[in-house]
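The values are calculated or read from the model by the stated rules, or taken from the named source; none is laboratory data. These numbers come from a predicted model, not from an experiment. All Cβ positions, glycine included, derive from the backbone under ideal geometry; neighbour counts span all protein chains shown. Note: accessible area is taken over every heavy atom of the protein model, side chains too, but ligands, DNA and RNA are not part of it. Shrake-Rupley method; radii C 1.70, N 1.55, O 1.52, S 1.80 Å.
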Amino acid sequence: MEVSKNVPRFEVFYGGSFGSQLLFAVRCKALSVNRRTWRWNEGNTRLCLQCNRRVEETVEHLVLECSKYEQERESLMDVVHEQCGEKWNARCVEEDSGMRYLVGLDEKCNMTVVDAMKDFLVHAWNKQQGY
């Protein structure tokens, strides 16, 4: 997922909440996933330890593929489909499986979708931590 903006601007979806913090980490590629932290994590692996797929744990995997977060993903995708309809399928093909749109980097980002993404990140994080 390429993260870039042409001009710095105020982002209304950073409100200081935990979801906003996680969204910020995703947008600047600093979320603690094994692909990023494998050198200093206990398991010393890049693989996702949350599912059996034996793939690298990336942000994209966490959000779009990991079976552990299926229920949370369904809630997110319900909002996405409600807001985007068939346009979502085109976005997935055109840009990084739709990740830019989900994290608010798309010029046509939808605040309802970004808020749903923050909710997804909070629920997934809590589930991963065992809360």
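Before moving on, here are some points about what is shown:
- Label-point gap, in nm, between Tyr14 and Ser67 - each point 7 angstrom along Cα→Cβ: 3.8
- Most to least accessible of Trp125, Trp40, Trp88 (protein chains only, probe 1.4 Å): Trp40, Trp125, Trp88
- Entry for Cα extents along the principal axes in Å (calculated from the structure that is shown) out of (i) 44, 36, 30; (ii) 39, 31, 29; (iii) 45, 36, 34: (ii)
- Each Lys or Arg adds one and each Asp or Glu takes one away; over the other residues whose Cβ falls under 13 Å from the Cβ of Val55, this sums to +1.
- With a threshold of 19 Å on the Cα-Cα distance, the over-threshold entries among Lys87/Lys127; Lys29/Lys68; Lys87/Lys108 are Lys87/Lys127; Lys29/Lys68.
- Point-to-point label distance, Ser97-Val7, nm (Cα→Cβ direction, 7 Å offset): 3.3
- Among the trypsin sites (Lys or Arg not before Pro) in region 22-131, those located in a DSSP loop and surrounded by at most 12 other Cβ atoms within 10 Å of their own Cβ are Arg39, Arg54, Lys108.
- Multiplying the residue separation of Glu86 and Asn44 by 0.36 nm and subtracting their alpha-carbon distance yields 11.1 nm.
- In region 25-131, the GluC sites (Glu not before Pro) that fall in loop regions by DSSP, at most 13 other Cβ within 10 Å: Glu42, Glu86, Glu107
- In a fully extended conformation the segment linking Glu74 and Lys29 would gain 13.9 nm over its present Cα-Cα distance, using 0.36 nm per residue.
- Computed over protein heavy atoms with a 1.4 Å probe, the accessible surface of the chain works out to 60 Å² per residue.
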